[in-house]
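Some notes on the structure that comes next.
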Amino acid sequence: MRRKIIAGNWKMNKTANEAAALAQELAVHIKMNPHDRVETLIAPPFPFLQTCVRSVSEIPGFHVAAQNCHQEKSGAFTGEVSAAMLASLGVSHVIIGHSERRTFFGETNDILKAKLNAAIEQNLIPVFCVGETLEERNNHRQVLVIEEQLQHTVCQLDYAHLRQIVIAYEPVWAIGTGLTATPEQAQEMHVVIRSLISKSFGHGNAEIIPILYGGSCNPKNAASLFACEDVDGALIGGASLNANDFLSIRNAMISSLA
Ligand code: PEP
């Protein structure tokens, strides 16, 4: 049975007090409503990581992710944060390859491969994002695009390290747009991703990798997405900024396992 993951990507939102309050509200709920098969992640902005790590500490299944890391260990990279720094704070996961990083910060497959290795070296769990644009989907290129994104990154990992990663399928046209992939579209693409992993690393390894869906997931559409066999959770942007919405998506996942 694959583990299930509900992950909130707060992006560049919240002030220090707001971030602390949200983390605390989630911590209280998750502590009182634990679930042994559902992990919950929050990915706050860098300055709030430490406060959030304190809020989740000692709550089983509740973890903090960073939204990015630099590929080098240390050095003259003004404004950047290394995987080693994140690990030293008690951060356990890091989002790598989010479409906003690829688009606005020019992150190429080569850079993302280096970031994956940097994270793994520090025992961080990468949540690696892939996804096609609307134009690519309209041109029926979505499978080719995902294959290319994975071939040059995840598929280059050592066997031993593959088991450490989480993949998020995030169609770019669905991120922050209110458009969501249908359950059929999500399931189809998750199968494509799992098959590709299977080709490179074997069926057994592909079966244990959690593949999350991301793109305007909300309390209304979560249950139908989680009913898909290969959808192992969600990476959630907008709806993760509000405790009620985020927790109802988490509840939808818990109900789907009942
Ligand atoms: C995201 O940024 O990863 C995301 C899925 O955002 P949203 O849920 O707002 O579409």
Report summary line: Averaged per residue, the 1.4 Å probe accessible area of the chain, protein heavy atoms only, in Å², is roughly 44
Requested in this report: Residues in the range 54-81, backbone N under 15 Å from the label point at Lys31 (7 Å along the Cα-to-beta-carbon vector): list them, ranges by number please.
Outcome: 54-63
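For the chain, what is the relative contact order in percent, using Cα pairs closer than 8 Å and at least 6 residues apart in sequence? Please report the intermediate quantities before stating the final value.
Details: 491 pairs, mean separation 52.2, N = 258.
Normalised by residue count, the contact order of the chain is 20 percent.
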Report task. Using +1 at the Cβ of each Lys and Arg and -1 at the Cβ of each Asp and Glu in the chain, identify which of His35, Cys69, Leu212 lies farthest towards the dipole's positive end. Result -> His35
Query raised in the report: Across all directions of projection, what mean area in square nanometres is found for the Cα convex hull of the range 4-256?
Result: 12.4
Query raised in the report: Lysine pairs in the chain with alpha-carbon atoms under 22 Å apart, 8 or more places apart or on different chains: how many are there?
Result: 8
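Full extension from Leu89 to Ala227: what is 0.36 nm times the residue separation minus their Cα-Cα distance, to one decimal in nm?
Values: separation 138, 0.36 × 138 = 49.68 nm, distance 3.54 nm.
Using 0.36 nm per residue and subtracting the Cα-Cα distance, I get 46.1 nm.
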Query raised in the report: What is the distance in Å between the Cα centres of the range 25-95 and the range 159-183?
Result: 19
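The values are calculated or read from the model by the stated rules, or taken from the named source; none is laboratory data. Here the structure is a predicted model, which means the values were calculated and not measured. Reconstructed Cβ throughout: ideal geometry from the backbone, glycine too, with neighbour counts over all protein chains shown. For accessibility, only protein heavy atoms count, side chains too; no ligands or nucleic acids. Shrake-Rupley method; radii C 1.70, N 1.55, O 1.52, S 1.80 Å.
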